[in-house]
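K.L.:
One structure, as structure tokens, below. Some questions next.
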2 protein chains.
Amino acid sequence: MALLDYFRSSKPNTTASLAKERLQIIVAHERNDRKSPDYLPQLKQDILNVIAKYVKVSEEQVSVEFDQSDDLAVLELNVTLPDQH
Amino acid sequence: MALLDYFRSSKPNTTASLAKERLQIIVAHERNDRKSPDYLPQLKQDILNVIAKYVKVSEEQVSVEFDQSDDLAVLELNVTLPDQH
């Protein structure tokens, strides 16, 4: 899977990062029919709720990026977790 | 965001794909402490349940890939939706 390489290469190579646990979630939604609803904002909140079931995470530990073009929307959630949780 | 380019380039360039709506979800979990629990399998099911809230999706429309190395696990869900739903 080429994606494994993608995430490997994007991994910050700092000493600090060695002590961290990271969770990265990416949602790409491709709509050719522009009339179809865009549910990514709601989906984002639902996914955050789901993550909270497994790990204790506060809002400042989550960074959210959202990028949209004509027919493609990409949502990226980055969660950095403390050593012990 | 470089990821937008990644998804753009990985988009199948076929006539059939023009009529489809696609949803791709990637979860990357980096654990430096191997003792920490791996909740990706449960997370996968939860995310599928969340998606089902927004789109009607049957199991055969979802392809799942899972790749794991020492400290990195990557889960990839690909959902291809029919034109009308």
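Laboratory data are not the source of any read-out in this text; all were calculated from the coordinates shown. If you're wondering where the values come from, they're calculated on a predicted model, not measured in any experiment. Glycine gets a Cβ as well: all are built from the backbone with ideal geometry, and neighbour counts include every protein chain shown.
K.L.:
Describe numerically, in nm with one decimal, the distance between label points set 7 Å from Cα along Cα→Cβ at A:Gln45 and at B:Lys56.
P.N.:
Label-label distance for A:Gln45 and B:Lys56, simple model: 2.6 nm.
K.L.:
Quick check: pseudo-label points 7 Å beyond the Cα along Cα→Cβ at B:Asp70 and A:Lys20, how many nm apart are they?
P.N.:
2.0
K.L.:
From the label point of B:Asp38, set 7 Å from Cα along Cα→Cβ, how far away are the matching label points in the other copies, in nm, ordered shortest to longest?
P.N.:
3.7
K.L.:
Then there is this: Considering the rotational relationship between chains B and A, which residue of chain B contributes the beta-carbon of minimal distance to the axis, and what is that distance to the nearest Å?
P.N.:
B:Ile26, 2
K.L.:
Between A:Lys20 and the same site in the other copies, what are the distances in nm, shortest first, taking label points 7 Å from Cα along the C-beta direction?
P.N.:
3.5
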